[in-house]
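The values are calculated or read from the model by the stated rules, or taken from the named source; none is laboratory data. Everything quoted here is computed from the prediction, not taken from an experiment. Here Cβ is always computed from backbone atoms with ideal geometry, including for glycine, and neighbour counts include all displayed protein chains. With ligands, DNA and RNA removed, areas are computed over all heavy atoms of the protein, side chains included. Shrake-Rupley method; radii C 1.70, N 1.55, O 1.52, S 1.80 Å.
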Protein chains: 2
Amino acid sequence: MQMQLLIDRIRKDGIVKDGDVLKVDAFLNHQIDVGLLEEIGKEIRRQFDGKKVTKILTIEASGIAIACIAARYFNCPVLFAKKTKTLNIAGDVYTAEVYSFTHQKMNRIIVSKSFLHADDSVLIIDDFLANGKAIIGLSELVSQAGAELVGAVSVIEKGFQGGGDRIREMGIDLHSLAIVESMDPEKGLIFREEEGIH
Amino acid sequence: MQMQLLIDRIRKDGIVKDGDVLKVDAFLNHQIDVGLLEEIGKEIRRQFDGKKVTKILTIEASGIAIACIAARYFNCPVLFAKKTKTLNIAGDVYTAEVYSFTHQKMNRIIVSKSFLHADDSVLIIDDFLANGKAIIGLSELVSQAGAELVGAVSVIEKGFQGGGDRIREMGIDLHSLAIVESMDPEKGLIFREEEGIH
């Protein structure tokens, strides 16, 4: 379910650029409004009310902020996947390949096997969802560990890029707190309407 | 001033490796114990009691976690410097060069001029201090903006590498929450004693 406070903030401080780029540098992924993240963290807890979560999994760098603040409401640790270019990865990590829309390149992501186990119940949290490859890659790490995937959260989903819908079709319980349906430097932002807004 | 809770945790879960490497992946920079970060955040606020801080400045990736949790106790935003390899940086950023001990390479760090101003009072927070180049680079960004540097915090300082003492000699009010004076895979960790431990 989308979050009105967040949508209002994106309308106020988000900047639409050519090439389907939405800059939210003012409050989410360069300068960080920690008060806003606390409201987002509470909303994530509300949306996964009653669900057991033993670990929040995210990806460096900007996912770390929201994951850490949200983790306060779940009383669980955060684990962040690291990006690496190294092809020869030692056997003590889980690994997946992720294509970055922002940086237009392939990254290998890794987490240490020491910190993700078959008895973990994992919630994936990331700041942006475009082509969905980050969340899919993170879900592969959860599978490799034999852990339970409780669901996934993206703070901002670019709905028109289709990644979110692909993830939903895979059966992952994806919650996006703001879904941008279209954006245009002239016309501005239009958010998805069929989902409720809290 | 050092922090006993943190020192105890480093002794318990830190792993000393050859080449002066101290791995704290279990609670600080891969898996993150958010409860511990909250205690660290409170301690940072206590050590800078009464000081006006309008912005916490850190560097991606693992500095983001501690900066965001600490920012809750300062009621201010976080700004994280980004690492980039791009040499041609547009004129709307402050930039400095930082040599990474961990990755043995030179990084250029940048922050947008939009988020760092002459009227800001900045506290720098980073997770690790080895050669001190990250904090020095971040302090250069603060200078370029004409902002006030309130001080700097490193969660773990490797005292034997001298970076922290160089920063203190520069007149920066550096607070390290744990200062490792020597480490050895056989003998283990020895922390600096001349400073008080809280």
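Of note:
- Scanning chain A for GluC sites (Glu not before Pro) in DSSP loops with at most 15 neighbouring Cβ atoms within 10 Å leaves A:1-185 as the longest stretch between them.
- Shown for region B:44-72: residues covered by the partner protein chains by 40 Å² or more of accessible area relative to the chain by itself (probe radius 1.4 Å), namely B:ALA61, B:ILE64, B:CYS68, B:ARG72.
- Gap separating the Cα centres of region B:15-50 and region A:120-198, nearest whole Å: 30
- Entries of A:LYS83/A:LYS133; A:LYS17/A:LYS83; A:LYS82/B:LYS83; B:LYS51/B:LYS83; B:LYS82/B:LYS113 with Cα pairs more than 20 Å apart: A:LYS17/A:LYS83; B:LYS51/B:LYS83
- Share, in percent, of DSSP beta bridges within chain A that are antiparallel, nearest 5: 45
- Counting from the shortest, the label point at B:ARG166, 7 Å from Cα toward Cβ, is 4.5 nm from the same position in each remaining copy.
- Share, in percent, of DSSP beta bridges within the protein assembly as shown that are antiparallel, nearest 5: 50
- Based on Cα atoms of region A:105-179, Rg over Rh with Rh as the Kirkwood radius reads 0.97.
- When the convex hull of its Cα atoms is projected in every direction, mean area for chain A (nm²): 10.5
- Debye equation applied to the C-alpha atoms of the protein assembly as shown, log10 I(q)/I(0) at 0.07, 0.12, 0.14, 0.15 Å⁻¹: -0.31, -0.95, -1.30, -1.49
- Built amide H within the under 5 Å cut-off of B:SER182, gap 5+: B:ILE190
- Share of carbon and sulfur in the accessible area of the protein assembly as shown stands at 48%, probe radius 1.4 Å.
- Of all DSSP beta bridges in region B:34-148, antiparallel share, percent nearest 5: 60
- Note on chain A: with a GNM built from Cα contacts shorter than 10 Å, the maximum mean-square fluctuation among A:LEU36, A:LEU129, A:LEU79 falls on A:LEU36.
- For the pair A:HIS103 and A:GLN161, label points projected 7 Å from Cα toward Cβ lie 1.4 nm apart.
- For A:GLU193, inter-copy label distances in nm, listed shortest first [label point 7 Å out on the Cα-Cβ vector]: 7.3
- Solvent exposure of region A:10-127 amounts to 42 Å² per residue of accessible area, where only protein heavy atoms count and the probe is 1.4 Å.
- Global geometry of region B:1-104, whether rounded, prolate or oblate, following the gyration tensor of its Cα atoms and the 1.5 cut on a/c: oblate
- With a cut-off of 11 Å between beta carbons, the residues surrounding B:GLN161 carry a summed charge of -1, where Lys and Arg count +1 and Asp and Glu -1.
- MRE, 222 nm, helices only [DSSP H, n ≥ 4, -39500 (n - 2.57), over chain A, to nearest 500]: -8000 deg cm²/dmol
- Shortest-first distances to equivalent copies, position B:GLU181, nm, label 7 Å out along Cβ: 6.6
- Between A and B, roughly 2300 Å² of accessible area is buried in total, ligands, DNA and RNA not counted and the probe set to 1.4 Å.
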